[in-house]
Amino acid sequence: MWVFLLMMVSLLLCPVAESTASADVKPGCQDKCGDVSVPYPFGIGEPTCAMNEDFILNCSSGADGQPELFFRRNMPARNISVLEGTISASLYTAFACYDKNGSWTDYFSQSFNLGSGPFTLSDTRNAFTVIGCDTYAGMTNYEFTYGAACLSLCTENVNMSDENPCSGSGCCQTSIPKGLKSLYYPLSSFFNYTNVSDFNLCGFAFLVDKNSFKISDWPLSLKPKYGNNAYTADIVIEWVVENKTCEQAKADNTSAYACGTNANCTYSENQGYRCLCKEGFEGNPYLPDGCHDIDECKVRGKNACEEGTCENVIGDYKCRCPLGKYGDGKTGCKGVGIIAIIAAAGASIFLVVICLLLYMICTKRIKEKNFQENGGKILKNQRVRIFSEAELAKATNNYADDRKLGEGGFGSVYSGVLTDNTVVAVKKSKGVDKAQMNAEFQKEMSIVSQVNHRNVVKLLGLCLETKVPLLVYEFISNGTLSKHIHDKGSRILASWTNRLRVASEAALALDYLHSLADPPVIHGDVKSVNILLDSNCTAKVADFGASVLMSPGQTDILATKIQGTLGYLDPEYLMTGILTVQSDVYSFGVVLVELLTGEKPNSISKSGEKRNVIQHFISALENNHLFKILDFQTADEGEMDEIEAVAELAKGCLNSMGVNRPTMKEVSDELAKLKALHQKSLAQQNSEETDYLLGESSQSFCKNASPPMDESQTVISLQIENYTNSN
């Protein structure tokens with residue numbers, strides 16, 4: 001019951017789903033049944049949708065419950081071709097089977113009749129086929145005006161492969177005559193398969209479309225099937241409008257001439273006439289306006305004209321020859337004229353364009369080669385941003401002199417403005433020794449790409465398209481700590497508050513590099529030039545050109561060459577060539593001395609004599625003369641106590657033996673504690689009295705300290721002055 005209801009629902013729904021209007025059917029008529037298109041003169045169901053009753057087809061539920069198109073009631077139709085005048089239909093195959101004793105077990109003979117309409121079996125497409133090793137099949141039409149037979153014999157199992165022809169051994173094929181409308185073919189056997197029963201017990205006979213027939217689908221071991229799974233074969237049926245010549249059809253007033261506008265009539269001998277669209281038209285020739293013009297210019301494309309431009313016309317196309325030439329452009333044009341001059345000029349322009357393209361291609365390939373050699377495949381998958389060479393050239397105004405922030409041994413640093421208005425500092429190599437420069441780059445890149453701390457200058461990205469990659473850092477607007485220590489006009493370090501805070505922040509960054517970075521990093525060139533101050537006066541450690549990465553558990557590294565800056569270098573490192581984290585501690589101690597005294601290492605005294613600032617500082621500290629060598633005014637005794645504590649800390653950092661120096665973490669913790677006590681002391685004091693004692697607040701100098709970036713104003717703040725001296 002449920003199966004019956006489902007079939008009824010599918011039959012009701014299918015016409016609705018398939019009634020979409022089509023250019024191959026009459027308006028309002030169904031154009032498909034299942035997946036088979038039904039073009040006019042055929043029609044589904046309604047007589048008004050077909051040319052006449054001979055062309056009415058039935059769309060009903062098939063064996064699987066899906067809509068299926070039927071020709072002559074019980075023949076499933078697979079395809080209808082208006083152009084070839086054919087219908088492909090499906091028929092059950094005839095078969096006869098025996099047991100090993102020679103008795104019948106299964107039998108089915110096939111017969112069909114196309115009727116008196118304009119349909120005949122195609123003699124060019126169909127072949128009568130017999131499969132088996134003891135199989136004989138005769139065939140005849142219903143009128144018994146034709147008869148033929150096909151015999152297939154074999155004494156051993158035959159390989160039924162597509163490479164073997166159907167030659168009578170296991171398979172037999174024969175043609176049918178032209179104009180045949182009906183066929184009947186029973187099967188018989190000479191020996192009832194007793195002589196081949198070991199490998200073949202069934203024979204099959206069927207009419208089949210030679211284009212769809214595959215002998216490999218019919219092995220000799222095949223057994224018959226019934227119902228929905230029964231074996232079928234496709235046949236080709238030819239059709240005409242009616243059995244008349246074209247002249248008779250046009251002159252006959254009793255029936256309508258079938259061919260529409262822009263269609264020709266064609267006659268098939270002893271069958272009748274059909275319609276075809278004229279040359280230059282396509283579509284359905286049986287509909288009044290079914291043939292429409294073909295736009296050959298679009299269909300043929302570049303092949304439409306041998307020379308000239310294509311112009312479509314109704315039913316044809318034209319080719320217009322180029323200026324200065326004449327003739328039929330379909331086969332070519334003749335003559336020369338102004339076009340030759342234009343061609344020469346065009347050739348010159350073309351040559352220039354080709355040269356430019358070659359230059360661009362070569363440039364692109366060089367950039368791609370540099371990108372690959374500089375580790376582009378690996379680095380492009382990292383979090384660091386990859387800049388193009390053109391992007392950075394535009395940002396720095398092609399590395400204009402007024403954008404240069406500094407210059408050193410490695411190269412120059414330029415300020416730039418990206419398209420999103422981000423201000424950056426671009427480190428550009430001189431490129432004198434590519435191998436050496438690339439090694440320096442890889443070393444610096446491997447370090448800065450792994451550190452992330454608010455007191456370390458951040459790497460924003462890099463450019464790999466140049467011979468030596470470019471590094472792009474965040475722009476630090478207030479320059480170096482060294483600049484503000486030694487520039488007496490700077491007010492940022494006028495107070496002890498800022499000096500203590502800057503020292504604490506720098507120590508925090510170095511402690512991060514030693515203890516928290518993975519893997520740990522020895523900076524190798526700690527100095528006031530390599531500590532930068534941003535717009536909020538926050539300290540940021542920079543320049544990792546002399547830095548090294550440490551393996552887990554490693555505490556020292558034997559350097560291949562001594563790097564760093566004299567005056568800041570650890571004496572142990574100078575003597576042994578072994579770089580340790582304590583080397584950074586010593587260098588930081590020198591920075592603390594510089595913050596306290598305002599003097600550079602190995603500076604010249606007022607008398608003009610060189611002196612060792614470190615020894616001078618330690619001597620003053622031990623003789624209680626520290627206040628005499630300070631570079632700033634103290635506010636009260638509490639600040640002097642803090643300064644003395646920092647001085648003692650600096651003295652510990654400057655111990656000649658690394659094992660006796662505090663660790664960077666101990667230095668950072670001590671400075672952080674002093675900073676916290678200092679801030680607490682400031683909070684307890686009266687704000688007006690504090691302002692009077694401290695003088696003008698230096699914090700006001702830490703906002704908007706950098707000038708605006710534009711084309712007319714030189715950027716005077718030196719972001720990475722460290723590169724100018726360290727390299």
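The values are calculated or read from the model by the stated rules, or taken from the named source; none is laboratory data. This structure is a prediction, so every number in the text was calculated from the model and none was measured. As a convention, Cβ positions derive from the backbone with ideal geometry for all residues, glycine included, and neighbour counts pool all protein chains shown.
Some points to look at:
- For segment 99-130, the tally of residues that are surrounded by fewer than 18 Cβ atoms within 10 Å (Cβ to Cβ) and either at positive phi or part of a loop (DSSP other than H, G, I, E, B) (or both) stands at 11.
- Verdict on Ala494 being touching a residue at least 24 places away in the same chain (Cβ under 8 Å), in a loop (DSSP other than H, G, I, E, B), within 18 Å of Glu599 (Cβ to Cβ) and not aromatic (Phe, Trp, Tyr): yes
- Residue count for segment 226-241, restricted to those that are within 25 Å of Ser169 (Cβ to Cβ) and assigned to a loop (DSSP other than H, G, I, E, B): 1.
- Cβ-Cβ distances below 7 Å connect no pair with a first residue in segment 291-315 that is assigned by TED's automatic domain parsing to the domain that holds Cys265, a second residue that is at pLDDT below 90 and assigned to a strand (DSSP E or B), and a separation of six or more residues or different chains.
- Boolean, Tyr142 is under 30 Å from Gly272 (Cβ atoms) and among the hydroxyl-bearing types (Ser, Thr, Tyr): yes
- Any hit, segment 138-158, residues being surrounded by 22 or more Cβ atoms within 10 Å (Cβ to Cβ), over 53 Å from the mean Cα position of the chain (by Cα) and either on the phi > 0 side of the Ramachandran plot or assigned to a loop (DSSP other than H, G, I, E, B) (or both): no
- Consider segment 225-249 and keep the residues that are among the acidic types (Asp, Glu) and either more than 52 Å from the chain's Cα centre (by Cα) or on the phi > 0 side of the Ramachandran plot (or both). The one that is surrounded by the most Cβ atoms within 10 Å (Cβ to Cβ) is Glu242.
- Qualifying residue in segment 601-620 (condition: under 27 Å from Gly553 (Cβ atoms), out of contact with any strand residue (DSSP E or B) (no Cβ under 9 Å at 6 or more places or on another chain) and in the same structural domain as Leu493 (by TED's automatic domain parsing)): no
Listed here are the residues, each with its yes/no results for (1) touching a residue at least 60 places away in the same chain (Cβ under 8 Å); (2) part of a helix (DSSP H, G or I); (3) within 21 Å of Leu493 (Cβ to Cβ).
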| position | (1), (2), (3) |
| --- | --- |
| Leu579 | no, no, no |
| Phe588 | yes, yes, yes |
| Gln615 | no, yes, no |
| Asn624 | no, no, no |
| Gly638 | no, yes, yes |
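- Among the residues of segment 43-61, the ones that are touching a Phe, Trp or Tyr at 6+ places or on another chain (Cβ under 9 Å) and assigned to a helix (DSSP H, G or I) come to 3 in all.
- Residue among Ser412, Ser446 that alone is outside any loop (DSSP other than H, G, I, E, B), modelled with pLDDT under 80 and within 21 Å of Lys540 (Cα to Cα): Ser446
- Residue count for segment 306-323, restricted to those that are part of a loop (DSSP other than H, G, I, E, B) and within 38 Å of the chain's Cα centre (by Cα): 0
- Single unsatisfied condition, Tyr184 versus (1) surrounded by fewer than 14 Cβ atoms within 10 Å (Cβ to Cβ); (2) not in a loop (DSSP other than H, G, I, E, B): (1)
- When we screen Met575, Met550 for residues that are without any contact (Cβ under 8 Å) to a residue 24 or more places away in the chain, over 18 Å from Val613 (Cβ atoms) and either assigned by TED's automatic domain parsing to the domain that holds Arg661 or out of contact with any Asp or Glu (no Cβ under 7 Å at 6 or more places or on another chain) (or both), the only hit is Met575.
- Answer from Asp584, Asp518 - the residue that is touching a residue at least 24 places away in the same chain (Cβ under 8 Å), assigned by TED's automatic domain parsing to the domain that holds Leu677, surrounded by fewer than 17 Cβ atoms within 10 Å (Cβ to Cβ) and among the charged types (D, E, K, R): Asp518
- Checking Ala17 against (1) touching a strand residue (DSSP E or B) at 6+ places or on another chain (Cβ under 8 Å); (2) over 22 Å from Ile237 (Cβ atoms); (3) modelled with pLDDT under 90, the condition it does not meet: (1)
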